1. Pop out the ³J(HN,Hα) list for the stretch 31-41 in order, Karplus 6.51 cos²θ - 1.76 cosθ + 1.60 with θ = phi - 60°, rounded to Hz; leave Gly and Pro as x.
2. Would you please give the FRET efficiency between ALA187 and SER278, computed as 1/(1 + (r/R0)^6) with r the Cβ-Cβ distance and R0 = 56 Å, to the nearest 0.05?
3. Over 18 Å, how big is the tail of the calculated P(r) for the stretch 290-366, in percent of all Cα pairs?
4. Take every Cα-Cα distance within the stretch 234-365, group them into 10 Å bins from 0 onward, and report for each bin the whole-number percent of pairs it holds.
5. Applying the Karplus parametrisation 6.51 cos²θ - 1.76 cosθ + 1.60 with θ = phi - 60° to the phi angles of the stretch 187-194, what ³J(HN,Hα) value in whole Hz is obtained for each residue in order, glycine and proline being reported as x?
6. Please arrange THR147, THR68, THR138 by how many other C-beta atoms lie within 10 Å of their C-beta, fewest to most.
7. If I take R0 = 56 Å and measure r between the Cβ atoms of ILE208 and ASP310 in this structure, what FRET efficiency does the formula 1/(1 + (r/R0)^6) give, to the nearest 0.05?
8. Order by neighbour count: TYR309, TYR183, fewest other Cβ atoms within 10 Å first, most last.
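Throughout, read-outs are computed from the coordinates displayed, never taken from laboratory work. This one's a predicted model, so the numbers in the text were calculated from it and none came from an experiment. A quick note on method: Cβ atoms are made from the backbone with ideal geometry, for glycine too, and the neighbour counts reach across all protein chains shown.
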Amino acid sequence: MRYARRSSDFFFLRQAAAEAQRRPAARREAIGQALTLGRQRAEAAEALWSNGHAAEGLRLAVDALERTLEAAEVLAPELAEVTPVAAPKVAAPMAAETAAPETAEGAEASTESDEPAELAPKGETSASDASAAHAWSTVLAARDLDTDRVRAIERVVSLARQPLPDLDASVSATHAELYKELYRARADVDRALAPASLTPGQVKLKVIQRWTAAVLALVLVAVGLFFALRTPRTVTASASSFFRNDPQFGPDKVFDDDPNTEWLLNDGQTGWIEARLSPGRSLTKIRILNGHNRHFNDRGANEFHLELYDSSGQKVFEHRGEIAFSESPSWVDVPVSAEGVERLRLNVTSFHRVGGALAEIAFEER
């Protein structure tokens, strides 16, 4: 049931829509500003880290997480307006750290980094209050972020407050792991809080986008299944021989839908051509286009014997006929009534001029 509710809310965003209706525009803007600052600094941190400026990248990653958490602190008073919430136990390490005595230097640093107060709407709790240290963890828990992830984020924040290296050469594997955890923590917080910055119109647009994406995905899956399950229709050609074993005169030329290519037999020879059809087909007509070796007009099929076989190898149809020679040959139609044809063989039993030839064999199906 919980999974079903989450799936429904993902597509309809009912909770986000309700929040957007009751949340003041100033608060939405403050949340959006904090999240945007966090994203910008995360991108800058990634650029620095990827280009070898690890120390500065790490510091900027810390700053990116702090800016993103400010969005949660903006939301904290909103929770109190709905339901008074006691300080969560999971945040005890953060509260303890905040309550620790500050040195003169620490107080100065706190003043410089105390930016959540700038984002908070007037009259609401600022980040300098005693409860601000755990306010964001309360908000994240209330927005259904997993308890283990909330604790992991608290741990990352605690680690990030330790002295960080000033020089790239001092960045260790432990710092690299911290950078990864900072990156993931900021992304988790952003994902949990982003809906809180949406206007009613943006919520509607996001619902449309998600439904559109879902429909397109289903269409792509359906098309993919169709082609995956559909048996490919293939024709595999073979022959008793072909002129000088030259591939340009091979048996495949009879089934390539190109009347300008031909299967040619060697001079003075008869022979056969065969096609294996996959899957088997129910045929109503065989169409034959004689060859003439267009550059020399010196060969073509005369008498022929057509045979069709099913998957068991049983002959299901045969026909004997004759084709006239022409330098502009016309199609010869052979009516057929045969089910499950998997093999066709046409024997050229006599030829015109110096040898046998065929341009095309085509099928009409039921």
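1. Along the stretch 31-41, the couplings run 5, x, 5, 5, 5, 5, 4, x, 5, 4, 6 Hz.
2. On the way: r = 50 Å, r/R0 = 0.89.
For R0 = 56 Å, the calculated efficiency reads 0.65.
3. 43 percent
4. All Cα pairs considered, the percentages come to 14, 49, 31, 6, 0.
5. Taking θ as phi minus 60°, the curve returns 4, 5, 5, 4, 5, 6, 9, 3 Hz for the stretch 187-194.
6. On the way: THR147 12, THR68 27, THR138 23.
Ordered by Cβ neighbours within 10 Å, fewest first: THR147, THR138, THR68.
7. Details: r = 53 Å, r/R0 = 0.95.
Between ILE208 and ASP310 the formula returns 0.55.
8. Values: TYR309 22, TYR183 18.
Exposure proxy ranking, most exposed first: TYR183, TYR309.
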